[in-house]
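The values are calculated or read from the model by the stated rules, or taken from the named source; none is laboratory data. Just so we're clear, the structure is a prediction, and the values are computed from it rather than from any experiment. All Cβ positions, glycine included, derive from the backbone under ideal geometry; neighbour counts span all protein chains shown. Calculation scope for accessible area: heavy atoms of the full protein, side chains included, ligands and nucleic acids excluded. Shrake-Rupley method; radii C 1.70, N 1.55, O 1.52, S 1.80 Å.
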Amino acid sequence: MNLRRILAATDHTQLSPTATAADIARLCAEAARHQTASVCVAPARVCDAKAELERLGLIYTQRTSGKFVTEDAAAIDAAR
């Protein structure tokens, strides 16, 4: 199994109750760079993770429908 397939099935996780917003931003950037399956954070840091993933262009809002993960290859490549 190659590394890309392993990372695509891996959750990038930071559950420490002392994690800062900067720690979560770094976690999201690493997850985008390595294209992991997901980012797992403590409940108190979900808003920080969402904001960072939006800043990276990986989450977008569709009015009246909610938030979605982008399928735009250019946005995903730019986040790497």
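Mind checking which strands (runs of 3 or more DSSP E) fall wholly inside segment 14-75 and carry at least 2 residues that are buried (at least 17 other Cβ atoms within 10 Å of the Cβ) and free of Cβ contacts under 8 Å to residues at least 60 places away in the same chain? Write out each step before concluding.
Numbers: elements: 38-41, 59-62, 66-69.
The strands (runs of 3 or more DSSP E) meeting that bar are 38-41.
Would you call ALA9 open to solvent by less than 50 Å² (accessible area, probe 1.4 Å), touching a residue at least 24 places away in the same chain (Cβ under 8 Å) and out of contact with any strand residue (DSSP E or B) (no Cβ under 6 Å at 6 or more places or on another chain)? Working first, answer last.
On the way: open to solvent by less than 50 Å² (accessible area, probe 1.4 Å): no; touching a residue at least 24 places away in the same chain (Cβ under 8 Å): yes; out of contact with any strand residue (DSSP E or B) (no Cβ under 6 Å at 6 or more places or on another chain): yes.
Judged against the criteria, ALA9 is not a match.
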